[in-house]
Structure formats: C-alpha cells, structure tokens
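The values are calculated or read from the model by the stated rules, or taken from the named source; none is laboratory data. Being a predicted model, the structure only gives us computed values, none of them experimental. Using ideal geometry, Cβ is built from the backbone for each residue, glycine included, and neighbour counts are taken over all protein chains shown. Just so you know, the surface numbers come from the protein's heavy atoms only, side chains and all, with ligands and any DNA or RNA stripped out. Shrake-Rupley method; radii C 1.70, N 1.55, O 1.52, S 1.80 Å.
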Amino acid sequence: MLHNMNIAVGVTGGIAAYKTAELVRLLVKDGANVKVIMTKNAQQFITPVTLGTVSNNPVYTDTFQVTEEGEIAHISIGQWADILVIVPATANIIGKISSGIADDLLTSTITAAKKPVLICPAMNTNMYTNPFVDANLRKLSSFGFLIMEPDIGGLACKTEGPGRLPPVEDIVEEIRGILTKKDLRGFRILVTAGPTQEPLDPVRYITNHSSGKMGYALAVMAKRRGAEVTLVSGPTTLDIPRGINLIQVQSALQMRDAVMAHLSQVDVVIKSAAVSDYRPASYSSSKIKKEKGPLSVSLERNPDIISEIGKKKGNIVLVGFAMETDDLVDNAKKKMELKSMDLIVANDLNTPGSGFKSDTNIVTLIARSGAVEELPKMGKNEVADKILDRVYELLQKKSL
Ligand code: PMT
C-alpha cells in the first residue's frame, strides 16, 4: 500500500524516539521511501547511524544541510514527501510549530511543507495534559495538522496515564489511512468476521477453522477508505484494529443479536464470518464427565443470519461469502439468490492459499446481474479492496 510513497519522518527528543527505528523499518518494508530528520535532542536517544541504516537514506540533522542532489534540505524534503510524520512529538516541538517557530531543520521543513503533517505526541501525562500543550494541539488541529492521540499506559517516568506512543504498527496504519482516497466516507459498514463457538459445557464447544483474517481485512480497508466501521467478531487471536467499533461475540445467537441490533444504522453488511449452522441442543452448566460408552450430542439449527438480514434489508447493500468445495459458481449463485444478497464472494476451499487461516485468498466475485469475476491469488487486504470497489459501485447505483 505504501509502495513508492515518500515519507519524511521527523524525530524529536523523547524517550519513545528509540521506537522510530522499528517504525522506519516497517515503512520501508511496506514499500515506502523514507527520509529521516532528527532534532539535536533526538540524537540523545537514538543515533543517525541507526535511522540511516534502516531507512537506506542519509539522515538530516542540520538546518544548513544540502541533500545529495545539492538541494536545500528544509525546502526539498517537504516537496519530495507525500506526508511528514513527527514521531515522537514532544511538548517542545508542538509548542514551536504551533507558534510558527522555524529555528532548526525539522521546524523549518514543517513550516515550508504544503503536505499532510501527522503529529504523534508522546510525553509524560502532566506534560500532555498541560493546558499550553493542549491549546497548542488544538491550534495545530484547527490549522489542518493531523494529530494521533497517544495511548494510555505505563510511561518511562514510571507513571501511568495518557502520553504513551501508540504501537508503531498503528502509526503505519494511520499513515496508510491518510494516504488512501476516502471514497467510502459517509457510509456505515458492518462486517462480521471469524468463527462462532457453540458451547456444549464450560470447557467444550463446536467451532470451525476461521481465523477472522478475511473479515478483519475488510474492516481495516473499509476504515482506510473512510467508512465508519462496526466489526462483529467471533473469537480470534487478531489484534484489535484501531478506530473500529468492535463487538466481540461467541456464539451464532450472539452474532445474530449484535448484527440485528445494528441493522437500522448501517448502509452495508458484509458477512464474512463462518457461522456455525448448528449448536448443541442443550448446554450443561457442569463439565460433562466421560463415560465408558460413546456419547451422542444432539444439535439444533442456528439461525441463518444473512437470510434474516435479506428479509429486512431495505436499501442495505448485502454481501455474503460462500465457502464451497464443489461447483463453486453455481452453488454460490444459488446462495446469493436464496438469501437476497447483492454480491457473493465465493472461495474454493480446495485450492491452497484460499479460505481459512492463510494470509491470501482466491475468490470469485459474483454479482446479482450474473457477472462473474475470477480474481487471482491475492493478499486478504487486496481481496478486501476489490470487494469494497464493488460495494462502492453498488452504493453509487442505489443513490441514483
Ligand atoms: O477467517 P479466515 O481464516 O480469514 O477465513 C475466511 C473465510 C473462509 C471464513 C471467509 O472467506 C468465508 O468464506 N466466510 C464465509 C464462510 C461461510 O460460512 O460460508 P457458508 O457458505 O457456510 O455461508 C454463506 C453465507 O451465509 C456467509 O456469508 C455466512 O456468513 C452466512 N451465514 C452462514 C450460516 C449462518 N447460520 N448464518 C449466516 O449468516
């Protein structure tokens, strides 16, 4: 996603500066070109050698420095960059930028740049909540600077509170979001993800192999494209995506209740969860003891959530998935019609690199018109983007 994007990372003098080595490494790994500017104080915490090595570029530290191309650094870096990211941003740099001070290379570059600037404050809680810092951040925000709120947690000064730098993975995702076209802004999308667990007793349940990766990819990509996202998720081990309304459920019944409760507040529902069709007919509140002979468990049908949505969907764009082992397209088409979906995403479980658990998927998109598009093997994020392209088209048609 960040392939060929130019990112200027400004590092200032806070303890979290040591985390910028990992941030730069992740940006480069994602395909970005990175140039680092360090203040004098930042060099107390991490060396230019480290950041130069991970960025594969010289590190800029001096106001009067020229680039390898012989250009004036504080002008050319801002022209070169698609985005400037200040991480960590100390109270000092926030105060300087908000007052228009340009007395070193970083502040001069920010003052000269006409590109998005993302500021990631990180400092002691008393500093962060100081009215001057608060007012300076508000001022910067009103001028169009983008502020990423710090996390609440343990700080280097051995206190706890707001001021902790968010995980670098979240900063990378924030940058991706800023650089993504917001074509889904204004739309509310509900995604279901993961497996359901149908409890038999306090220690056992029926489930399936879904990891939640496909559904989480849809939620993250929809958020990146500007949608307001609600993610109803069965149990997974995936990190909780930032900026998404996550509703965690266990069973199909809980998933149905959560989805139906939100139906009147969404424009799109994408049902990528692998919902268990059956649940144990009765739940034993104490652990079922093993006996000598075999044990039979009676199962009863779970509600078909997507069919229920199909009956009440009104103007909602409804996207379902089909997990098939035979006659992929025919079976998926039947499901789409039976359950009133607008689009169905069929994955063939027989092909390696498709379906459960893997980071890739191989899907065929089938529209209500009958149009069939077979996609090659792609990362689940890319598959999600292709599905969202179709969702966008369907939303446009509905609004005509
Ligand atoms: O989570 P991952 O490891 O990344 O794997 C992704 C995936 C394989 C789970 C995903 O790509 C996928 O195919 N999800 C749907 C799986 C499924 O339940 O397929 P199905 O053919 O059984 O169901 C058809 C549709 O009805 C699905 O949209 C499903 O969410 C929905 N359904 C099914 C049963 C039920 N009781 N209620 C439902 O709403």
Accessible carbon and sulfur surface of the chain relative to its total accessible area, %, 1.4 Å = 51 percent
inquiry  = Assuming 0.36 nm per residue, please report the length gained on full extension of the stretch Lys115 to Asp62 beyond their Cα-Cα distance.
reply    = 17.0 nm
request  = Provide the convex hull volume over Cα atoms per residue for the chain, in Å³.
outcome  = 193 Å³
Stretch gain in nm, segment Lys158-Asn331, where the contour uses 0.36 nm per residue and the Cα spacing is subtracted = 56.4 nm
key: Interchain or long-range residues, amide H under 5 Å from Ile119's placed H   = Ile86, Leu146, Ile147, Met148
query = Do the sum for the chain: with -39,500 (n - 2.57) for every DSSP H run of n ≥ 4, divided by all residues, what is the mean residue ellipticity at 222 nm, to the nearest 500 deg cm²/dmol?
reply = -9500 deg cm²/dmol
note = Treating only Lys and Arg (+1) and Asp and Glu (-1) as charged, each at its beta carbon, one finds that the chain has a dipole about its Cα centre, in Debye to the nearest 20, of 880 debye
ask   = What does the accessible area of Ser98 come to, in Å² to the nearest 10, when a probe of 1.4 Å is used?
value = 10 Å²
request  = Could you go through the stretch 341-354 in sequence order and give the Karplus-derived ³J(HN,Hα) for each residue, using 6.51 cos²θ - 1.76 cosθ + 1.60 with θ = phi - 60°, rounded to whole Hz, and x for Gly and Pro?
outcome  = 7, 8, 8, 10, 10, 9, 10, 8, 6, 7, 9, x, x, 10
inquiry  = At 1.4 Å probe size, what's the solvent-accessible area of Phe143? Round to the nearest 10 Å².
reply    = 140 Å²
task = Might you work out the accessible area of Tyr278 for me, using a 1.4 Å probe with all protein chains in place, and round it to the nearest 10 Å²?
result = 110 Å²
ask   = Relative contact order for the chain using alpha-carbon pairs under 8 Å, separation at least 6, rounded to a whole percent?
value = 10 percent
inquiry  = Rounded to two decimals, what is the ratio between the C-alpha radius of gyration of the stretch 6-178 and 2.2 N^0.38 Å?
reply    = 0.95
message = What distance in nm lies between label points placed 7 Å from Cα along the C-beta direction at Leu179 and Asp277?
response = 4.4 nm
task = Return one number: the angle in degrees, 0 to 90 and rounded to the nearest 10, between the long axis of the Cα atoms of helix 328-338 and the longest principal axis of the Cα atoms of the chain.
result = 80 degrees
ask   = How large is the charge dipole for the stretch 6-178, taken about the Cα centre, if only the Cβ atoms of Lys, Arg (+1) and Asp, Glu (-1) carry charge, to the nearest 20 debye?
value = 240 debye
request  = Can you tell me how much longer the chain between Ala261 and Ile288 gets when fully stretched, taken as 0.36 nm per residue apart minus their C-alpha distance, in nm with one decimal?
outcome  = 6.4 nm
ask   = Got a sec to turn the phi values of the stretch 165-175 into Karplus ³J(HN,Hα) couplings, 6.51 cos²θ - 1.76 cosθ + 1.60 with θ = phi - 60°, whole Hz, x for Gly and Pro?
value = 4, x, x, 4, 4, 6, 5, 4, 5, 4, 5
task = List, in order, the whole-Hz ³J(HN,Hα) value for each residue of the stretch 375-386 obtained from phi through the Karplus relation with A = 6.51, B = -1.76, C = 1.60 and θ = phi - 60°; use x for Gly and Pro.
result = 9, x, 4, 9, x, 4, 5, 5, 4, 4, 4, 5
